[in-house]
Amino acid sequence: MKNIELTIPKLGESVESVQLVRFTKNIGDFIQEDEVIAEVSTDKVDSDVPSTKAGKIIEFRFNEGDEIKIGEVFAIIETSEDQNQSLQKNERIEEKTIETISTSQTIHSNDTNQFLSPLVKSIIQKENLQTNDVLQIKGSGRDGRISKNDVLNYIQNKPFKANNSSDTLSENNVILSSSFGAKDEIIEMDKMRQMISKHMKKSKQTSPHVTAYVEPDVTNFVKWREENKVAFEAKYKQKLTFTPLIVDCVVRAIKDFPMMNVSVDETETKIIKHNEINIGIATALPNNNLIVPVIHQANELNLEGLAKNVNSIVDKARRNKLLPDDVKGGTFTISNVGTFGNLMGTPIINQPEVAILATGVIKKKPAVLETEFGDIIVARQFMYLSLSFDHRVIDGSLGGVFLKRISDYMENWDVNTQI
């Protein structure tokens with residue numbers, strides 16, 4: 001027989017410790033390889049911890065509610081030598097990211113005589129729930145423990161209270177129940193849609209949005225990609241879409257105008273100028289929700305590296321395989337509304353960034369070109385670019401010349417560029 005130590009796996013670069021929510025098994029139980037043995041929580045995400053081997057559980061080294069460092073041994077199982085010769089798979093945890101929620105007050109476990117995970121506390125604090133609210137929440141977990149789903153369900157079903165000092169509705173209500181028609185369909189938002197809703201609303205409340213437009217002639221841009229996509233895939237084993245080409249132009253423009261790669265601190269008195277250029281790619285999911293995975297240090301990547309990173313993060317997003325670090329640290333976002341056949345869009349800034357670029361559909365149009373024999377009308381490829389920017393720190397002149405610079409890089413794409 002052999003004793004195997006189970007450790008807390010890495011849950012992202014910024015996560016140093018977790019709080020043990022509960023064990024799903026008891027001492028003496030037999031557990032299969034990859035079967036969940038514990039649930040852990042941070043203030044950002046809940047995760048399941050699987051066993052890396054099959055065997056009998058003989059020891060737990062922590063109690064529920066304890067904080068455990070990443071890599072620390074939390075349980076021991078007994079297994080025979082012939083059981084499961086596979087390598088450790090601590091990092092095969094499938095995670096779902098949740099937006100970092102700021103806190104404004106402290107709720108302690110002893111207020112409700114109930115253990116509350118960091119994630120549950122953060123939701124309670126964000127929604128400004130009082131102790132009386134928490135006491136009304138019926139926990140669905142073991143021993144009546146409150147889960148994040150319990151809190152979200154309570155918030156959704158909480159009776160509406162009119163604001164006596166105003167005719168406005170509360171944050172969580174857009175339309176009164178009395179306004180529903182007899183044949184209207186009520187569709188509950190899933191959790192991701194609720195987070196997107198709050199994130200977009202917060203962005204419009206935080207930043208005064210201004211949107212500028214240009215319409216570059218991208219004929220050479222399109223021609224080069226069409227002529228090189230097959231050879232590029234054969235050489236690098238990566239599909240060459242328009243996205244990495246656009247990212248390349250955006251990165252070059254940011255290098256020219258580094259004050260587009262900034263954030264505003266929470267006091268709104270300081271500008272944070274970022275050294276890394278981390279490009280978010282707005283990605284539509286099969287369930288019609290949206291997520292923004294990030295290409296980190298895009299300024300250090302060549303076209304091959306950009307294509308590889310774009311293909312990887314988009315694929316992970318669509319397969320729900322993104323890790324917390326995959327959606328953190330963005331400094332500028334690109335949203336391709338042309339995917340849906342749209343000419344242009346007015347995108348909402350992805351906070352805490354200060355600008356976002358929308359790229360429209362590429363279409364052939366008649367264009368007037370000057371020649372030595374006079375003006376001629378020819379068919380050329382055009383697309384709209386629209387840049388929404390934060391007018392607190394970006395004036396129209398900077399936003400305008402930055403957008404024009406992106407356009408110039410696309411219009412003047414070198415058709416002799418070697419792959």
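Please list 301-307, 413-419 highest first by mean number of surrounding beta-carbon atoms within 10 Å per residue. It would help to have the intermediate numbers written out before the result.
Values: 301-307: 18.3, 413-419: 11.1.
Top of the packing list down: 301-307, 413-419.
Accessible surface comparison of ILE70, ILE196, probe 1.4 Å, protein chains only, largest first: the order is ILE70, ILE196.
Sorting SER197, SER140 by accessible area (1.4 Å probe), largest first, what list results?
Details: SER197 55, SER140 90 Å².
From most exposed to least exposed: SER140, SER197.
In this simple spin-label approximation, GLU370 and ASN132 carry label points 7 Å from Cα along the Cα→Cβ vector, and these lie 7.5 nm apart. Keeping the other protein chains in place, figure out the carbon and sulfur percent of the accessible area of region 272-332, with a 1.4 Å probe. Reported share for carbon and sulfur atoms: 46 percent. In summary, the convex hull built on the alpha carbon positions of region 280-368 has an orientation-averaged projected area of 7.5 nm².
Annotation: amide H of ILE295 within the under-5 Å range of ILE279, GLY280, ILE281, sequence separation 5 or more or interchain, hydrogens built in the peptide plane.
Rg and Dmax over the alpha-carbon atoms of region 2-79 stand at 11.7, 36 Å.
Packing-based ranking of 233-241, 352-360 yields 352-360, 233-241, ordered from highest to lowest mean Cβ neighbour count within 10 Å.
The values are calculated or read from the model by the stated rules, or taken from the named source; none is laboratory data. What you are looking at is a predicted structure, and each value in this text was computed from that prediction instead of being measured. Methodologically, a virtual Cβ is constructed for each residue, glycine included, from the backbone with ideal geometry; neighbour enumeration extends over all protein chains shown. Please note that ligands, DNA and RNA were not included when accessible areas were found on the heavy atoms of the full protein model with its side chains. Shrake-Rupley method; radii C 1.70, N 1.55, O 1.52, S 1.80 Å.
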